[in-house]
Amino acid sequence: MNYKDQITPDQGAKKLLDFNIEYKYEEIETSQAFKRILAEDLYAKIDVPSFDKSPFDGYALRGEDTKGASEENPIRFEITEEIPAGSFPKKDLGIFQAAKILTGGPLPKGANTTIKFEKTDFTENQVFIKEELKANSNVVKQGEDIKKNSLLLERGSNLDSPSLGLLASQGIEKIKVYKKPKLGFFLTGSELKELGQDLEPGEIYDSNHLTFLSIFENLGFVVEDYGLVEDGLEEIMRLTKIANETCDLLITTGGASVGDYDYGARAVKNLGGKVLFTKTAMKPGGSLVVSKLNNKAVINLSGNPGAAILGLFRVCLPFLKKTLGRKEIYSPSFQALLKKPFDKENPRLRLLRGSLEYEDGKVYFVEDSSQGNGILSSFVGSKVFGEIPPGVNYLDAGKLIKVYDLENLFS
């Protein structure tokens with residue numbers, strides 16, 4: 001087979017990204033926004049903190065009044081008041097005056113530095129400073145974390161836990177997010193059986209169903225689950241048509257090759273759609289059909305779990321993230337050293353499941369022993385995969401390769 005005639009994974013990803021996405025929006029409570037995608041730029045309404053405050057329990061005072069202070073020559077300050085967090089100072093500070101202040105308490109007018117309790121000697125009404133303090137030191141300044149009118153979060157941001165904390169710090173109760181797109185999903189294969197059914201000779205339990213339902217839901221889709229479908233052109237055409245009319249995109253597993261019972265591409269063609277490509281030059285995951293039907297994507301993944309997961313990640317994931325409205329659509333990669341030599345015939349881009357080891361400050365990629373198209377078990381322990389460029393048939397241990405993290409698919 002001439003793999004040079006097949007498109008590369010990056011070319012396949014580009015064809016998917018060329019689809020026009022019709023986004024929908026909704027306004028929701030910030031408290032319900034975890035893992036949703038922000039649909040607007042948000043700017044800070046207030047400074048955070050909104051006042052100069054103390055970073056610890058101690059005393060607030062004027063730094064210039066401590067000039068010459070030492071263990072042998074402590075300087076005495078009059079204590080004017082106590083300022084707990086949540087209260088506001090009642091008195092301005094004058095020369096050689098200090099306010100007892102607790103963590104988070106606002107500095108009184110006139111104060112420009114703080115010192116910890118344990119670095120002082122004190123009585124009920126006086127505190128003795130035994131070191132020189134610089135003005136504007138040991139103070140959490142107004143706006144140090146967030147400045148008013150600064151960009152708080154960009155459109156397309158995934159609203160994780162710190163993001164929700166930022167929104168709360170601004171008192172933002174409602175936000176505009178992308179409405180979750182609806183993803184149609186079904187599986188094909190007459191040999192597949194659902195959980196709870198008895199197996200006959202030649203049959204296997206369907207593992208793709210739960211695997212991919214959880215992946216799609218974890219990414220943020222609403223899944224329209226059409227279940228398990230036996231191989232047959234008419235039924236696959238019927239479900240493809242329904243999903244195309246009611247969902248934003250359709251993904252199937254099985255029927256992505258060129259055999260007599262691989263009906264994905266034929267169903268789309270019979271419905272008036274266009275097949276964009278049927279193979280990508282990579283292993284595993286090369287059996288991957290991408291079509292356009294009524295300006296919506298139809299993606300037929302391999303029925304083999306290992307190939308289907310890697311094909312989805314390497315080719316389809318940027319498009320799926322774009323469909324969700326995410327700003328960052330490409331998965332980060334990094335370099336790692338091969339733990340063992342790579343020695344395989346390799347005419348296509350090779351994807352290797354594996355794990356990472358850390359030795360002497362170096363990161364090593366350790367190839368898993370199970371690399372077959374149908375192998376699912378290796379993903380339980382292997383949450384990364386490495387790439388070997390096409391045409392590279394041998395690499396010594398210690399050579400650098402590109403590595404991707406699969407974790408965001410699964411959890």
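Here are the numbers for this structure:
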| quantity | calculated |
| --- | --- |
| Some residue of region 307-326 being over 25 Å from residue 250 (Cα atoms) and at pLDDT below 95 | no |
| Any hit, region 359-373, residues being among the hydroxyl-bearing types (Ser, Thr, Tyr), under 20 Å from the mean Cα position of the chain (by Cα) and either part of a loop (DSSP other than H, G, I, E, B) or at pLDDT 90 or above (or both) | no |
| Any chance residue 340 is over 18 Å from residue 280 (Cβ atoms), surrounded by fewer than 17 Cβ atoms within 10 Å (Cβ to Cβ) and either at pLDDT below 90 or not aliphatic (A, V, I, L, M) (or both) | yes |
| Filter pass, residue 168 being among the small types (Gly, Ala, Ser), in a helix (DSSP H, G or I) and either out of contact with any Cys (no Cβ under 9 Å at 6 or more places or on another chain) or at pLDDT below 95 (or both) | yes |
| Residue within region 24-41 that is more than 30 Å from residue 327 (Cβ to Cβ) and without any contact (Cβ under 8 Å) to a residue 12 or more places away in the chain present | no |
| Which listed residue, of 69, 99, is in a strand (DSSP E or B) and touching an Asp or Glu at 6+ places or on another chain (Cβ under 9 Å) | 99 |
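The values are calculated or read from the model by the stated rules, or taken from the named source; none is laboratory data. If you're wondering where the values come from, they're calculated on a predicted model, not measured in any experiment. Cβ sites come from the backbone with ideal geometry, for glycine too, and all protein chains shown count toward neighbours.
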